[in-house]
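The values are calculated or read from the model by the stated rules, or taken from the named source; none is laboratory data. Predicted model, so just to flag it, every value in this text is computed and none were measured. Counting neighbours? That spans all protein chains shown, and the Cβs are built from the backbone with ideal geometry, glycine included.
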Amino acid sequence: MLEFLSNNQMYIVLSIVLLVWAGVVAYLVRLDRKMTQLEQNLKKEA
Amino acid sequence: MTYVKYGSIVLITFVLIAGIAIPLSPSPQSWLEFPDIPGLEEKARNIFFHVPTAWTTVLAFLVSMYFGFRYLKTKNQDLDLKSVTSAGLGFMFCILATITGAVWAKFNWGSYWNWDPRQTSIFILLLIYGAYFALRSATENEEKRARLSAAYAIVAGFTVPFFIFIMPRMMTGLHPGAQGDSSGGGPLFESGMMAGNMRVLFYTSLLGFNLLYVWLFDLRLRVARMDYQLTSRQSEV
């Protein structure tokens, strides 16, 4: 695996890009949930 | 909305994997090889990421104009929130298109900034929409701000197709599709120069970015609505 990656370095770039993208997506999904919660709280107060 | 979210995640992930991992070949034999275009080489992959940002800019600005129209018709404050949300996202994607384009330009054309017609026109677009936000923040009265910025968004929206689709094709320049471009045609659409697998991936990327835009629009709009609710509640107290 490691040898394959050091011979095909584009895949190292790919794995890093995918990790970054996964992080951003996870953040967006959590933000989305958090906001749904906030909206419900706001509704209850009103 | 769930479909939009998962659609954007799946499509963009797919484009990232295929766009980066598929190897180049001087004479592609299968769908798992991209053509090695002289002068572009590995940089050809940029097309899957740079062009969709510019395309999303256009979409967002036109959506902002659409909600500007609707606001002027109905004077519904929520439509103003939608219009400004879309303009903000368009501005962000516009900056991304400018920066990614500049990086690409450095390695294809030798310098980050060449005042190519497309670079010039995106710069003007940034100025136009920068002025939009300046106008908004300079107007205190809520209704007046909404009315002014809706009118501005409409006028600005009319310039977008001109700067993105018309002007760069009328002048000689460095981007594909400019006047005098030997390959002819517009970027990608009429030229028939793009390999089939690249074209499929390119349109997938456009769709993925558009869905991502819809998701971000939804998130930002909900923030704007909560903010609006809280401010109007405070002013009542």
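Some notes on this structure:
- Only one of B:134, B:151 that is surrounded by fewer than 16 Cβ atoms within 10 Å (Cβ to Cβ), modelled with pLDDT of 95 or more and more than 20 Å from residue B:93 (Cβ to Cβ): B:151
- Residues in segment B:191-237 that are among the small types (Gly, Ala, Ser), surrounded by fewer than 18 Cβ atoms within 10 Å (Cβ to Cβ) and at pLDDT 90 or above: B:224 alone.
- Residues being under 11 Å from the mean Cα position of the chain (by Cα), more than 7 Å from every other protein chain (Cβ to nearest Cβ) and under 15 Å from residue B:20 (Cβ atoms) - total across chain A: 3
- Entry remark, segment B:70-128: residues being under 15 Å from residue B:220 (Cβ atoms) and part of a loop (DSSP other than H, G, I, E, B) number 0 in total.
- Residues of segment B:14-33 satisfying the condition of being more than 9 Å from chain A (Cβ to nearest Cβ) and aliphatic (A, V, I, L, M): B:15, B:18, B:22, B:24, B:32
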